[in-house]
Structure formats: C-alpha cells, structure tokens
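Q: The structure follows.
Please treat every number below as a calculation from the coordinates, not as lab data. Just so it is clear, the structure is predicted and the values come from calculations on it, not from any experiment. Counting neighbours? That spans all protein chains shown, and the Cβs are built from the backbone with ideal geometry, glycine included.
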Amino acid sequence: MIKVGLTGGIASGKSVVGEMFAILGAHVIQADAISHELMQPGQAVYEEVVRHFGREILNADGTVNRPRLAEAAFGAPGSASATRVEELNKIVHPAVIRRQDEWMEEVGRGDPDAVAMVEAALILEAGAAKRFDRLVVVTCRIEQRAERFAARTKLPLEAARVEVTRRMAAQLPDEEKIKAANFVIDNSGSLDATEKQVRDVWQKLKTRAA
C-alpha cells in the first residue's frame, strides 16, 4: 500500500482531483468529511468546539452550523478582526489525523496494493506530511479560486475575492506547498487537461504501491 496526501489551497479543486483518482481506483477520504463526523453531537471534538466557540455556532437541533463556525474562526466576510483559526485547528486536527491513520491502516489490511489517499487542505500546515509516502499538490490561479469560491458560497465575486485572499493568508503559499510536493497538478486549464495529469500521476502511484 502507498499512503498519499492530496492537498492544495482553498478552492484549488482538490475534491475534483480526488474524485478523478477515485474513479481510477484510489481509496479516497476527505478530511473535511472526517471533521464533519467528529463534530456531531456527543463526540468529544464537538463538545470541545462548543466550549471554545459558544452555543452561538449551533443550529436549533444542536448540530454545528458550519458557516457560523467558519465565521467564528475566520471572522465575518470582509472583517479585519483577528482570526481564531489556530484555536480551532488545535482542537480538530489531532482527532482528524488519528481517524485518517486508522482509515489508512484499515484500507491496507483489505488491499495490500492499495493507493490510500487523504484529501486535506492543511496537511503541511498541520505538520502531517511525513505520515504520507507521497504528496500531491493541486494548484490554480488566484482569480479562478475566487470564481469557484463565489459559485460555491453564492457570494458576490468581489466579496469572494476578499474572503479567498484572507483565508489563503492562514495557509502556506502555493510556492511552499509545491516545494514539498512529489507531484503537482495544475488545475488552471480544462478538466481534460487536469484529468490527463491525474492519469499520469496515478500510473506512478500504482507502480509504487505494487
């Protein structure tokens, strides 16, 4: 088995690339999905997040309202207030990393030749890169990030541009991610161009896994 980290900055297209790898046969899990699971009522991470950020981040049924939590961590869109991203990450990251490790071990037991891929935005920022055999970084132009973020969040383009810039400030710049990468996928062009890059990387990963 080979353990692969798939990362990239906000709205770079990590999930699209992850889906392409999954179609080719990779076992793929999203750190965001793990985080969502750990923030369900009754989970230790949920209790800790509510203790730090208050019940204002909850829906009426007690579940976490993710936009409200994002606003509590990053500040309101367009706001210049200090962020609490690091505080949130210290609560969530260790538990997410433990769950990722458990999942990769489970995949390896079921398929010794597997490519087990974790899609996560903050692999390098969390100091987790050494847990993987290979690191794939997805990148694209900053204006594309703003357009994709606007489409995803329904924000006006200018507001999305401000928010993307602000959130990118909490992440390592692409240049640093690329330096640490074994493979870089440029998602600035067409989906066909991205898919061709994914197929090239997949062949190398499969060879290494075997």
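Q: If R0 is 25 Å, what FRET efficiency do you get for Ala22 and Thr63 from their C-beta distance, rounded to 0.05?
A: 0.40
Q: Each residue of the stretch 32-37 in turn: what ³J(HN,Hα) in whole Hz from Karplus with 6.51, -1.76, 1.60 and θ = phi - 60°, glycine and Pro shown as x?
A: 5, 5, 5, 4, 4, 5
Q: Considering the alpha-carbon set of the stretch 1-76 alone, what are its Rg and its Dmax in angstrom?
A: Answer for the stretch 1-76, Rg first and Dmax second: 15.4, 44 Å.
Q: Let me ask something additional. Let me check I've understood the local charge: for Lys90, count other residues with C-beta under 11 angstrom from its C-beta, Lys and Arg +1, Asp and Glu -1. What total comes out?
A: Result for the local shell: -2.
Q: Report the Cα centroid-to-centroid distance between the stretch 135-151 and the stretch 8-76 in angstrom, as an integer.
A: If we compute the Cα centre of each part, the gap is 19 Å.
Q: Take Ile178 and Ile142, extend 7 Å from each Cα along the Cα→Cβ direction, and tell me the distance between the two endpoints in nm.
A: 1.4
Q: Residue by residue through the stretch 194-202, which ³J(HN,Hα) values in whole Hz follow from phi under the Karplus form 6.51 cos²θ - 1.76 cosθ + 1.60 (θ = phi - 60°), with glycine and proline marked x?
A: 5, 4, 4, 4, 4, 4, 4, 5, 4
Q: If you average the sequence gap of Cα pairs under 8 Å that are 6 or more apart and divide by the length of the chain, what percent do you get for the contact order?
A: It comes to 36 percent, rounded to a whole number.
Q: Continuing with the same structure: In nm, to one decimal, how far is the modelled label at Ala159 from the one at Asp113, with both set 7 Å along Cα→Cβ?
A: 5.1
Q: Another question about this same structure. For Leu155, Leu6, Leu191, which order do you get if you count the other beta carbons within 10 Å of each Cβ and list the fewest first?
A: Leu191, Leu155, Leu6
Q: Moving on to the next point. Could you list, in their original order, any pairs among Lys130/Lys154; Lys179/Lys206; Lys90/Lys154; Lys154/Lys196 whose Cα atoms are separated by more than 27 Å?
A: From the list (Lys130/Lys154; Lys179/Lys206; Lys90/Lys154; Lys154/Lys196), the Cα-Cα distance tops 27 Å for Lys130/Lys154; Lys90/Lys154; Lys154/Lys196.
Q: Ok, one more. May I ask for log10 I(q)/I(0) of the stretch 2-209 at q = 0.15 Å⁻¹, from a Debye sum over the Cα atoms as equal point scatterers with solvent left out?
A: -1.01
Q: Test of understanding: in a Gaussian network model of the chain with alpha carbons linked when under 10 Å, which of Ser35, Ser12, Ser190 would top the mean-square fluctuation ranking?
A: Ser190
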